[in-house]
Amino acid sequence: MSKLVINNTNCWKCKNPMKVCYIDVDGKTIYPEYFKEKDKQLAIDNGIYFTTQYSKTAEKSYCANTCSKCNAISGNFYIKEEEMEAFYADNLTQIMLDTIETYDEQYIENTDMW
């Protein structure tokens, strides 16, 4: 079963409160650039703001969680940190929703996630 995970956090750049998300499929992370359209809309409907921008870290443009105040992206590296912090945090506000779309092993293997 896959879950859309939404965390309340602060922008790394301007510290404004924001939400970031990823999809968890049996412990494997799917980043926003690989969300299927219905799940991208589910995230947007739950307060997530996405843009497609160039990431110096990844050296490519891709869809990522974005701060609505300063427009800084919280890319895959940031999401991986959020995911690890969530494992140890006891005061994290996190929402988990069932995804609309299906993400099977073949779909996950065909993405270039790390």
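Could you check how many residues of region 58-72 are aliphatic (A, V, I, L, M) and over 23 Å from residue 103 (Cα atoms)?
Taking region 58-72 first, the residues aliphatic (A, V, I, L, M) are 58, 64, 72.
So of that shortlist, the ones also over 23 Å from residue 103 (Cα atoms) come out as 58, 72.
Adding up the residues that qualify gives 2.
For region 10-25, which positions are in contact with a helix residue (DSSP H, G or I) (Cβ under 9 Å, 6 or more places away or on another chain) and either charged (D, E, K, R) or surrounded by 21 or more Cβ atoms within 10 Å (Cβ to Cβ) (or both)?
Keep residues of region 10-25 that are in contact with a helix residue (DSSP H, G or I) (Cβ under 9 Å, 6 or more places away or on another chain), which gives 12, 19-25.
The answer is 19, 20, 21, 22, 23, 24.
Does region 87-100 hold any residues that are modelled with pLDDT of 65 or more and among the hydrophobic types (A, V, I, L, M, F, W, C), and which are they? So that I can check it myself, show each step before the final result.
At the first step, the residues of region 87-100 found to be modelled with pLDDT of 65 or more are 93-100.
Across region 87-100, the qualifying residues are 95, 96, 97, 100.
So which strands (runs of 3 or more DSSP E) are wholly in region 1-78 and hold at least 3 residues that are of a type outside the set (Ser, Thr, Tyr)?
On the way: elements: 2-10, 17-25, 28-30, 50-55, 60-66.
Fully inside region 1-78 and qualifying: 2-10, 17-25, 60-66.
Mind checking which residues of region 33-73 are in contact with an Asp or Glu (Cβ under 6 Å, 6 or more places away or on another chain) and without any contact (Cβ under 8 Å) to a residue 12 or more places away in the chain? Don't jump to the end; show me each part of the working.
The initial filter retains those residues of region 33-73 that are in contact with an Asp or Glu (Cβ under 6 Å, 6 or more places away or on another chain), namely 36, 38-39, 62-63.
Once the filter is applied, which keeps residues that are in contact with an Asp or Glu (Cβ under 6 Å, 6 or more places away or on another chain) and without any contact (Cβ under 8 Å) to a residue 12 or more places away in the chain, region 33-73 yields nothing.
Go through (1) aromatic (Phe, Trp, Tyr); (2) loosely packed, with under 15 Cβ neighbours inside 10 Å; (3) at pLDDT 80 or above and name the single condition residue 103 misses.
Answer for residue 103: the failing condition is (2).
Looking for something more than 23 Å from residue 107 (Cβ to Cβ) and without any contact (Cβ under 8 Å) to a residue 12 or more places away in the chain - is there at least one such residue anywhere in region 4-13?
Yes - at least one qualifying residue is present in region 4-13.
Kindly evaluate residue 7 against the criterion of being crowded, with 17+ Cβ neighbours inside 10 Å, out of contact with any Leu (no Cβ under 6 Å at 6 or more places or on another chain), within 19 Å of residue 94 (Cβ to Cβ) and modelled with pLDDT of 95 or more.
Details: crowded, with 17+ Cβ neighbours inside 10 Å: yes; out of contact with any Leu (no Cβ under 6 Å at 6 or more places or on another chain): yes; within 19 Å of residue 94 (Cβ to Cβ): yes; modelled with pLDDT of 95 or more: no.
Considered against the rule, which asks whether it is crowded, with 17+ Cβ neighbours inside 10 Å, out of contact with any Leu (no Cβ under 6 Å at 6 or more places or on another chain), within 19 Å of residue 94 (Cβ to Cβ) and modelled with pLDDT of 95 or more, residue 7 comes out as no.
In region 23-57, what count of residues is obtained for those that are under 16 Å from residue 97 (Cα atoms) and touching a Cys at 6+ places or on another chain (Cβ under 6 Å)?
In the first step, residues of region 23-57 are kept if they are under 16 Å from residue 97 (Cα atoms); the result is 23-32, 35-48.
Among the residues that remain, those that are also touching a Cys at 6+ places or on another chain (Cβ under 6 Å) are: 32, 43, 48.
Counting residues in region 23-57 that are under 16 Å from residue 97 (Cα atoms) and touching a Cys at 6+ places or on another chain (Cβ under 6 Å) gives 3.
The values are calculated or read from the model by the stated rules, or taken from the named source; none is laboratory data. Since this is a predicted model, take the numbers as computed values, not measurements. With ideal geometry, Cβ positions are generated from the backbone for all residues, glycine too; neighbour counts draw on all protein chains shown.
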